[in-house]
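Everything below concerns the one structure shown next.
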Amino acid sequence: MQEEMSSPIEKKKEKVFMREFFRKAGKAIYDYGLINDGDKILVGVSGGKDSLALLEVLALRARDPKYRYTVMAAHIAVKDVAYEVDGEYIKQLCDRLGVEVVFRVIDAEVREDSGKPACFVCSWNRRKALFEIAREHGCQKLALGHHRDDAVESLLMSMMFNGTIASMPPKLSMFGGSFTLIRPFIYLTNEETVRYAQYRGFRKQKKNCPYEQATNRDAVGKLLKQMETFSPHVRNNLFAAMKNIQEEYLP
């Protein structure tokens with residue numbers, strides 16, 4: 001009886017959350033001018049919660065007559081890295097959304113003796129393959145599912161390991177301005193994309209990447225959690241700091 005009584009309340013919470021989720025994505029698109037009329041956007045779909053949520057949000061948003069852009073998707077499978085996604089599920093999701101999807105298999109050239117981190121090499125080669133697909137299909141933009149927490153982690157990693165202040169920009173012009181990389185989820189948090197995926201019932205990857213827990217990003221994520229114990233708003237503040245640089249107080 002209690003579950004039946006709480007069901008309408010939970011449905012209302014879900015509706016409010018979904019409205020806010022789409023609002024934040026839309027605000028990022030508006031604030032940074034991420035999408036223009038006539039754009040053809042390729043969404044990189046890894047099979048994880050962030051990319052599936054991004055694909056769905058952009059595809060559903062494109063159905064509104066006031067937004068005149070089109071979306072397609074691409075999934076890059078990597079032969080020499082032992083992770084596995086449910087390709088059939090991705091295809092079914094794309095069919096339901098009315099989105100064309102391209103599947104491509106590559107060799108990421110991950111070598112133990114290369115001296116380069118496996119994640120960097122794999123990511124570089126997958127990104128290269130996405131650029132090629134975008135060019136083949138006439139897409140002017142590539143959309144990736146990175147969110148605010150990804151940007152904050154990247155900022156700290158850049159400062160700690162490279163001695164530079166850099167992160168993940170919401171909008172990055174490339175190849176002489178002929179192509180643009182966009183991140184519409186830059187205002188959303190990891191917690192929010194997790195909740196979205198739970199509401200939507202997205203399937204998890206069949207087999208996770210063996211390298212994902214052995215990276216600097218994972219270590220920095222744990223560091224941020226420790227920092228939150230004495231500064232609960234540390235992620236918000238670090239994100240805000242990237243747009244509030246006071247150069248007169250720097251060397």
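The values are calculated or read from the model by the stated rules, or taken from the named source; none is laboratory data. This one's a predicted model, so the numbers in the text were calculated from it and none came from an experiment. Here the Cβ is made from the backbone with ideal geometry for all residues, glycine too, and neighbour counts use every protein chain on show. Note: areas computed on protein heavy atoms with side chains; ligands, DNA, RNA excluded. Shrake-Rupley method; radii C 1.70, N 1.55, O 1.52, S 1.80 Å.
Among the numbered conditions (1) among the basic types (Lys, Arg); (2) modelled with pLDDT of 95 or more; (3) loosely packed, with under 13 Cβ neighbours inside 10 Å, the only one that residue 222 does not meet is (2). Restrict the check to segment 151-166 and report whether at least one residue is surrounded by 13 or more Cβ atoms within 10 Å (Cβ to Cβ) and outside any helix (DSSP H, G or I). Checking segment 151-166: not a single residue is surrounded by 13 or more Cβ atoms within 10 Å (Cβ to Cβ) and outside any helix (DSSP H, G or I). Total residues in segment 225-251 satisfying the condition of being in contact (Cβ under 8 Å) with a residue 24 or more places away in the chain, part of a helix (DSSP H, G or I) and farther than 16 Å from residue 186 by Cβ: the figure is 0. Just the residues that are open to solvent by 40 Å² or more (accessible area, probe 1.4 Å) and part of a helix (DSSP H, G or I), please, taken from segment 167-201. Answer for segment 167-201, where residues must be open to solvent by 40 Å² or more (accessible area, probe 1.4 Å) and part of a helix (DSSP H, G or I): 175, 176, 177, 190, 191, 194, 195, 198, 199, 200.
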